[in-house]
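Q: Quick one: this structure, given as structure tokens, is what I'll be asking you about.
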Amino acid sequence: MNVLILGSGGREHAFAYKIKQSPLCKNLFVAPGNSGTSELATNLNIQVDEFSNIESAIIKHEISLVVVGPEGPLVNGFHDFISNNDKLSNVSVIGPKKEAAQLEGSKDYAKQFLNRHNIPTAKHETFTAENIENAYEYIDQMTPPYVLKADGLAAGKGVLIIDNANEAKNLIHEMLINSKFGKASSSVVIEEFLDGIELSCFVLTDGETYKLFPSAKDYKRIGEGDTGLNTGGMGAVSPPPFLSSELLNKIENKVIKPTIEGLKKDEIEYQGFIFFGLIKVDDEPYVIEYNVRMGDPETEAVLPRIKSDFLDLLISVNNGNLENQNLVIDEDSAVTVFLVSGGYPEKYEKNQEIFGLQKVSDSTVFHAGAIKKDKKIVTSGGRVLAVSSSAETIELALQKSYNSIKKINFKNMNYRKDIGFDL
Ligand code: AMP
Ligand code: GLY
């Protein structure tokens, strides 16, 4: 079959890499893609929010499956757009419709879902400009730090963790009255701070049954020792070494199964990935957030561990065969280390030529902010390349990635030398 992947990051390159390995894949397209996907697939010069251009491409290239990488198109109803279009009735989409995508698109929607189905999460209240005084009172009743979340999508910047009550109140005012995050902060969720270690779990589901993918831990801060500004992700390891089978059982029984059952009870259909952003507090899992897609950089450490035919798994989401699929996971660990542009996540230069990629043999390099220009590969974003490796242990896999990184360079290249430091 012909497959289209929407997106342009390392996650989408990793999808392309796995899908291309499947004998079921005839022609593979990525929109808009990057220099990495162009080696495996045909890149289409279409952005992920250009629904009618995507429609034309689906028809022209006889696409039967669309895999949606990022959340934006899902929250904006991409799956509904395909389903409601008579010309595209045979096209399957990996990624939920608009209703279910609210699990990521609205923090308040997610919190209501979690509470309705008794899934452990931080205590919270939601406020708008009308009841801002109640938000201030709520802050006065809480103990710091205060967790403030813009309800809507805010490009990963909508969560603030604040130690001081007055500062928290000022920020609530900024969000609700002065639209600090635009429409995304017209409601604000204030929640209890949970102190623990974070991990990411993933399932692929057809809304009835699910397959548990490998779990991962990502490293979000720019600086070593988890310091400095938040980024899109500087690296990831899979599995998280602290994920015991006991904890995984708890996660399945207290979080994953109740989520799938909850979707069914609420009659919300779901086809695609669910990403559970979890925090472990005293050996108990709590949900910090739902995402309706795979994680990035987690995908670049999770997919290398999938031994089964990934495309076959995706196809089975829409043909009712997911339950019968046997998902085989590599016992080896996998890691990814991100190479970023100097200055990122603040100001950085683009268009820097990348050297040495062909010298890497022990790792798989997934391209993110990198494009082809005049036969050269140049940087086009802050997070440039994800260097992934597998080995018997996380330590050995990290050694492989760090050795491969020595062969790659571009001007002002930066990366964290301590991925896995805390494990
Ligand atoms: P979110 O966008 O909801 O994933 O939040 C972004 C980050 O904020 C998370 O990855 C956590 O590090 C942190 N965070 C969110 N909610 C809480 C909470 N209730 N307690 C502690 N940390 C949190
Ligand atoms: N790694 C976190 C995310 O993809 O949102």
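Q: Within the range 244-271, what residues put their amide N at less than 11 Å from the label point 7 Å along the Cα-to-Cβ vector of Asp283?
A: Zone members listed by number: 246-247.
Q: OK, next. Starting from the alpha-carbon convex hull of the range 106-163, give the projected area averaged over all orientations, in nm². Write down the numbers at each step before the final one.
A: Details: hull surface 18.1 nm².
Projected over every direction and averaged, the Cα hull of the range 106-163 covers 4.5 nm².
Q: With a sphere of radius 10 Å drawn around the Cβ of Ser363, what net charge do the other residues whose Cβ falls strictly inside it have (Lys, Arg +1; Asp, Glu -1)?
A: Numbers: positive: Lys400, Lys407; negative: Asp362.
Counting the neighbours of Ser363, the net charge comes to +1.
Q: Report the per residue volume, in Å³, of the convex hull enclosing the C-alpha atoms of the chain. Write out the running numbers ahead of the final one.
A: On the way: hull volume 60.6 nm³, N = 423.
Looking at the chain, the number lands at 143 Å³ per residue.
Q: What length, rounded to one decimal in nm, is gained on full extension from Glu392 through to Gln21, with 0.36 nm per residue of separation minus their alpha-carbon distance? Could the numbers behind the result be given before it?
A: Numbers: separation 371, 0.36 × 371 = 133.56 nm, distance 2.27 nm.
Going from the current span to full extension adds 131.3 nm.
Q: Between the range 368-394 and the range 82-141, what is the C-alpha centre distance in whole Å?
A: For the range 368-394 versus the range 82-141, the Cα centre distance is 33 Å.
Q: Please work out the Cα convex hull volume for the range 320-406 and give it in Å³ per residue.
A: Numbers: hull volume 13.5 nm³, N = 87.
Hull volume over Cα atoms, normalised by residue count, gives 156 Å³.
Q: Still on this model: Kirkwood-based Rg over Rh for the range 261-310 (C-alpha set), two decimals?
A: Working: Rg = 13.7 Å, Rh = 13.1 Å.
Rounded to two decimals, Rg over Rh is 1.04.
Q: For the range 195-291, divide the Cα radius of gyration by the Kirkwood radius and give the resulting Rg/Rh value with two decimals. Please list the in-between numbers first.
A: Numbers: Rg = 14.3 Å, Rh = 14.3 Å.
My calculation puts Rg/Rh at 1.00.
Q: Moving on. Rounded to the nearest angstrom and ordered from largest down, what semi-axes does the equivalent ellipsoid of the range 226-359 get from its C-alpha gyration tensor (root of 5λ)?
A: Details: eigenvalues 189, 85, 56 Å².
Over the Cα atoms of the range 226-359, the semi-axes work out to 31, 21, 17 Å.
Q: Kindly give the semi-axes, whole Å and largest first, of the ellipsoid equivalent to the range 1-157, taking each as the square root of 5 times a Cα gyration tensor eigenvalue.
A: Working: eigenvalues 297, 55, 38 Å².
Computed over the range 1-157, the values are 39, 17, 14 Å.
Q: Still on this structure, please answer the following. Just want to confirm a number: the relative contact order over the chain, from Cα pairs under 8 angstrom separated by 6+ residues, in percent.
A: Values: 971 pairs, mean separation 70.0, N = 423.
About 17 percent, as a whole number.
Q: Right, here's the next one. Tabulate in residue order the Karplus-calculated ³J(HN,Hα) for the range 367-380, using 6.51 cos²θ - 1.76 cosθ + 1.60 with θ = phi - 60°, rounded to whole Hz; enter x for Gly and Pro.
A: Each residue's phi maps through the Karplus curve to give 7, 10, x, 9, 9, 8, 9, 6, 6, 9, 9, 10, 6, 9 Hz.
Q: Still on this structure, I have one more. Express in nm, to one decimal, how much length is gained between Ser52 and Gln112 on full extension, taking 0.36 nm for each residue of separation and deducting their alpha carbon distance.
A: Details: separation 60, 0.36 × 60 = 21.60 nm, distance 3.33 nm.
Difference between extended and current length: 18.3 nm.
Q: What is the spread of the Cα atoms of the range 272-423 along each of their three principal axes, largest first, in whole Å?
A: 47, 40, 31
Q: Under a plain spin-label model, where a point goes 7 Å from the Cα along Cα-to-Cβ, how far apart in nm are Asn166 and Gln141?
A: Output for this residue pair reads 2.4 nm.
Q: Would you work out the charge dipole size for the range 190-263 about its Cα centre, treating the Cβ of every Lys and Arg as +1 and the Cβ of every Asp and Glu as -1, and quote it to the nearest 20 debye? Please list the in-between numbers first.
A: Details: 7 positive and 12 negative charges, 39 e Å.
The dipole magnitude comes to about 180 debye.
Q: What does the C-alpha gyration tensor say about the overall shape of the range 135-177? Classify as rounded when a/c is under 1.5, otherwise prolate if a/b is larger than b/c, or oblate.
A: Working: a/c = 2.13, a/b = 1.62, b/c = 1.32.
Taking the square roots of the gyration eigenvalues as a ≥ b ≥ c, the range 135-177 is prolate.
Values in this text are rule-based calculations from the coordinates and carry no lab data. Computed from a predicted structure; not experimentally measured. Glycine gets a Cβ as well: all are built from the backbone with ideal geometry, and neighbour counts include every protein chain shown.
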